[in-house]
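Handing you a structure now.
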Amino acid sequence: RMLAALSSGTAQRNNLWQPNTLAATGTDGPDILCSADLSANFNVICAGDSIVFTDESFNGVTGWDWDFPGGSPSASNNESPVVYYSTPGVYDVSLTADNGNSNVSTTKPQYITVLPVDGYPLPYQEGFENISSIPSDDWFPFDGQNDGTFQITTNAAYSGSQSIKLTNNSNDAGNLDELVSNTIDLSGMQEAIISFKYAFKRRSSSNDDRLRFYVSSDCGKTWSMREQLRGQTDLPTGSDQGRSFTPSSPSDWQE
């Protein structure tokens, strides 16, 4: 459809990309290096695993200067380097891309999470009472659209004084936020029962937020969904209220 629109004579759209138009608007020159960006094939791994990084910068990149705190190698000039991480933690990644005349840089803070190979023994319980902020040693949030994600709050709790909250009342439909735990040792278990308490109310009847629970047996390389709660069915723990929601009593919560 895009090609058909740009090839159409309607409103002279087919003139937009003609050589004389490109020359008249100054867009017929060499590529301009205007933005640095990067991606990785995994954001969560176990200690000892590797990650492949890819340059997503544009345009006309000819050189790369990577910085990998906590990684091996800790720096690289390759376009798509492979980096190993041996120590659990949360690490930044930086890239400076150049085209021989200029350069652009980007840093993605807390971009890589490295989990310990040996998980916590059972039984495991988390009340978020002894965590001042996340990411922490045990919990790692991922903000897909960089518009705010999971955080510690003292404004509500089923018991105690703290919980994890996600403020999403103004986020766009389709946005994703993730909260990943540390590794847990389930070796020798035939069955594992996992429970959690949650509180959620819709702003309107059209809301269909999803709370999905996944597990991974390979340190985040692949995930299997074990539970989904939907805003149109079983996620709300009370009636719609048309405004931001903060639970105020145990009756606002479900397990």
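The values are calculated or read from the model by the stated rules, or taken from the named source; none is laboratory data. All figures in this text were calculated on a predicted structure; none of them were measured in a lab. Cβ atoms come from the backbone with ideal geometry, glycine included; neighbour counts cover every protein chain shown. Surface accessibility is based on the protein's heavy atoms, side chains included, excluding ligands, DNA and RNA. Shrake-Rupley method; radii C 1.70, N 1.55, O 1.52, S 1.80 Å.
Using 7 Å Cα-to-Cβ label points, what is the Cys34/Glu191 separation (nm, one decimal)?
5.9
Another one. Need the full-extension length gain, Ser161 to Ser244, defined as separation in residues times 0.36 nm minus the C-alpha distance. One decimal, nm.
27.9 nm is the gain from fully extending Ser161 to Ser244.
Just read off the accessible area of Tyr124 with the full protein assembly in place, 1.4 Å probe, to the nearest 10 Å².
70
Over the Cα atoms of the range 1-135, each weighted equally, I'd like the Debye log10 I(q)/I(0) at q = 0.10, 0.12 Å⁻¹, rounded to two decimals.
Treating every Cα as an identical point scatterer, log10 I(q)/I(0) equals -0.55, -0.67.
Principal axes first, then extents: for the Cα atoms of the range 178-255, list largest minus smallest coordinate on each axis, whole Å, largest first.
Answer, in whole Å and largest first: 45, 25, 19 Å.
Before rounding to the nearest 500, sum -39500 (n - 2.57) across all DSSP H runs of length at least 4 in the chain and divide by the residue total; then give [θ] at 222 nm in deg cm²/dmol.
-1000 deg cm²/dmol
If you don't mind, there's one more thing I want to ask. Measure off, as a whole percent, the carbon and sulfur share of the 1.4 Å-probe accessible area of the range 104-212, all protein chains present.
The C+S portion of the solvent-accessible surface of the range 104-212 is 44 percent.
Give the value in nm², to one decimal: projected area of the alpha carbon convex hull of the range 1-60, averaged over all directions.
Approximately 6.8 nm², given one-decimal rounding.
Here is a follow-up. Can you list the lysines whose alpha carbon sits under 17 Å from that of Lys165, skipping same-chain ones fewer than 8 residues off?
Filter leaves Lys197, Lys201.
Let me ask something else about it. State, to one decimal in nm, how far the label point of Gln12 lies from the label point of Ser102, with both points 7 Å from Cα in the Cβ direction.
Using points 7 Å along Cα→Cβ, the separation is 3.0 nm.
Hey, another quick one. In the chain, which Cys residues have no partner Cys with a Cβ closer than 4.7 Å?
Cys34
Per the Debye formula with a single identical scatterer at each Cα and no solvent contribution, what log10 I(q)/I(0) holds for the range 64-155 at q = 0.11 Å⁻¹?
Log-scaled intensity ratios, in q order: -0.46.
Moving to a separate point now. For a paramagnetic label modelled at 7 Å from the Cα of Thr62 toward its Cβ, which residues of the range 75-98 fall within the zone defined by backbone nitrogen distances under 18 Å?
77-80, 96-98
List the lysines whose Cα lies under 21 Å from the Cα of Lys221, skipping any in the same chain that are fewer than 8 positions away.
Reachable lysines: Lys108.
Nearest 5 is fine: what % of DSSP beta bridges in the range 1-141 come out antiparallel, could you say?
90
Share of Cα-Cα pairs in the range 125-255 beyond 24 Å, in percent?
32
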